[in-house]
Amino acid sequence: MSITTIALILAALPLFFFLASFASISFREQERRAGWKVLGSLLMLTASATVVAWLGGIAAQAALYAMLGLYILLAFLFFVPGKKHQEPAQHPRRRYDERRIMFARMRMRPDSTNYQDYYRQHPEDLAGDEAIRQNSWHNRQELSSRLMDAAAHASFAAVGSLRSLVDGEAAPDKIDIPAEERTAYLCGLAKFFGALDVGVTALKPVHIYSHVGRGAGEWGQEIALNHTHAIALTTEMARENIISAPRQPVMAESARQYARAGLTAVMLAAAIRAMGYEARAHIDGSYQVICPLVARDAGLGEIGRMGLLMTPRQGPRVRLAVVTTNLPLQAHDYQPDHAIIDFCNRCNVCAANCPGKAIPTGERIMINGALRWQIDQQRCYHFWTRAGTDCGRCMAVCPLAHSDHWTHNLLQQGIQRSAAFRQTYVKLDRWLYGAHPQPKGAPAWLPRDH
Ligand code: SF4
Ligand code: SF4
């Protein structure tokens with residue numbers, strides 16, 4: 001075997017290894033289309049390399065140069081950042097009223113004064129909300145759906161029981177250690193209790209809802225929270241439970257992660273109070289703060305097209321909880337993540353696949369003093385109540401929501417680094433998964449309908 005042939009085989013090995021790993025993880029993710037395409041590419045590469053190695057001579061030399069050229073192109077795509085885009089941090093001007101969120105609106109009884117007051121102030125919401133009230137969540141008769149209902153109910157019941165524990169008295173003796181040390185300790189403690197990722201930010205007025213709509217306290221009461229810092233935490237939603245979205249396992253998984261995030265936040269708040277400082281956990285059904293905004297400012301990710309926090313490794317596949325406190329901590333200095341904003345500008349997969357047509361296309365627009373995408377929460381919730389699930393189709397199709405696997409992480413690195421890579425990856429994603437990916441199968445342990 002000539003030196004050129006050996007060099008060719010060595011040069012092909014990294015690509016061969018990447019494609020083999022990518023095909024393997026794609027089949028494990030139930031992404032058969034992507035798996036077969038990558039496997040086909042791998043077989044073609046192997047067959048071509050074998051023929052060229054057998055021919056040797058000029059053919060092997062040409063193939064070696066072609067391989068090196070391919071690596072130079074990939075390195076260019078991966079490392080050349082393109083035009084840098086800087087923009088100021090986007091913060092809303094006014095605080096958001098919790099009474100406006102769909103969960104709060106759907107809790108209002110039509111014969112109540114809250115109902116009358118709300119729709120007098122927001123007549124534009126009335127017709128759409130009434131249409132939603134006509135839908136039934138209870139259109140799920142199949143055995144698998146009823147079992148998943150039971151699973152979601154169990155987690156929501158657990159979160160419900162945690163709500164009485166979100167706040168409490170601080171211990172009289174303060175444990176005083178430097179801010180840097182206590183920040184590291186609390187971030188480590190949150191992970192020890194079950195968080196995937198943790199970040200800290202100074203609490204801003206716009207992080208806090210203006211009035212109670214759904215959480216603790218009287219409906220319409222002004223929310224006064226005098227804490228100075230917030231600790232945001234994530235828990236990971238298992239991909240195997242969201243890929244069948246909008247079918248029901250996604251709802252059981254959402255509920256399970258609300259419970260996990262809630263328990264972690266409640267324990268963390270209790271630990272801070274035991275250190276002698278005030279602390280309140282903000283968990284499902286008992287929020288005083290807007291979790292995605294706090295988590296973004298705490299450095300856990302950027303807010304993407306579907307309005308969810310996009311984290312570096314799990315994309316939108318996380319649930320959030322927050323602990324606010326008067327304990328001074330070292331805060332993250334938020335800067336917009338232009339790579340995610342640029343990728344969402346090019347991608348649009350969630351908008352194209354949203355069954356409720358609730359996700360905007362196009363660029364961000366100025367809303368309440370900040371550039372952002374805003375989903376139509378009425379359309380989204382309308383679909384939920386018709387489908388009888390928490391939907392989550394947008395999360396399931398997002399190219400950034402794949403498994404935490406080294407091949408996907410490498411591609412995410414490229415997305416972070418380079419505009420050319422982002423442009424190429426959007427096309428690659430369509431080729432691998434299609435413009436309208438189909439929902440995948442439910443987890444194997446879930447009984448099938450008879
Ligand atoms: S699907 Fe695409 S556009 Fe939507 S949030 Fe994910 S990356 Fe952004
Ligand atoms: S949850 Fe479903 S309906 Fe709502 S925005 Fe996402 S894809 Fe659309």
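The values are calculated or read from the model by the stated rules, or taken from the named source; none is laboratory data. All figures in this text were calculated on a predicted structure; none of them were measured in a lab. Heads up, the Cβs are rebuilt from the backbone with ideal geometry, glycines too, and the neighbour counts pull from every protein chain shown. Ligands, DNA and RNA are stripped out before the accessible areas are found, and what is left, the full protein with its side chains, is counted by its heavy atoms. Shrake-Rupley method; radii C 1.70, N 1.55, O 1.52, S 1.80 Å.
Here are a few things to note about the model shown:
- Within the accessible area of the chain, the carbon and sulfur atoms contribute 60%, probe 1.4 Å, all protein chains present.
- Pairs of Cα atoms farther than 38 Å apart, the chain, %: 31 percent
- With loop membership from DSSP and a limit of 16 other Cβ atoms within 10 Å, the longest segment of the chain without GluC sites (Glu not before Pro) is 219-362.
- Length gained on full extension, residue 338 to residue 210, computed as 0.36 nm times the residue gap minus the Cα-Cα distance: 43.2 nm.
- Ranking 344, 210, 264 by how far each Cα lies toward the positive end of the dipole of segment 107-397 (charges on Cβ) leaves 344 at the top.
- Separation of the residue 438 and residue 75 label points, Cα + 7 Å toward Cβ, nm: 4.2 nm
- Simple rule: put +1 on each Lys or Arg Cβ and -1 on each Asp or Glu Cβ in segment 107-397, find the dipole, and look at 325, 226, 159; the Cα lying farthest toward the positive end is 159.
- A viscosity of 0.692 mPa s and a temperature of 37 °C, combined with the Kirkwood radius over C-alpha pairs in the Stokes-Einstein formula, give segment 35-122 a diffusion coefficient of 164 µm²/s.
- Radius ratio Rg over Rh of segment 157-294, counting only Cα atoms, Kirkwood formula for Rh: 0.98
- Charge dipole (Cα centre; +1 on Lys/Arg Cβ, -1 on Asp/Glu Cβ; no other charges) of segment 306-428 amounts to roughly 320 debye.
- Estimated 222 nm signal from helices in the chain, with DSSP H stretches of n ≥ 4 weighted -39500 (n - 2.57), rounded to 500: -16000 deg cm²/dmol
- Alpha carbon centroid spacing (whole Å) that separates segment 399-443 from segment 145-197: 32 Å
- Within segment 259-356, trypsin sites (Lys or Arg not before Pro) in DSSP loop having at most 10 other beta-carbon neighbours inside 10 Å: none
- Loop-located trypsin sites (Lys or Arg not before Pro) in segment 361-450 (DSSP state not H, G, I, E or B) with no more than 12 neighbouring Cβ atoms inside 10 Å: 448.
- Per residue, in Å², the accessible surface of segment 151-262 once ligands and nucleic acids are set aside, probe 1.4 Å: 45 Å²
- Dipole magnitude of the chain, debye to nearest 20 (Cβ charges: Lys/Arg +1, Asp/Glu -1, about Cα centre): 1100 debye
- For the chain, cysteines whose Cβ has no other cysteine Cβ within reach (under 4.7 Å): 187, 291, 344, 347, 354, 380, 391, 398
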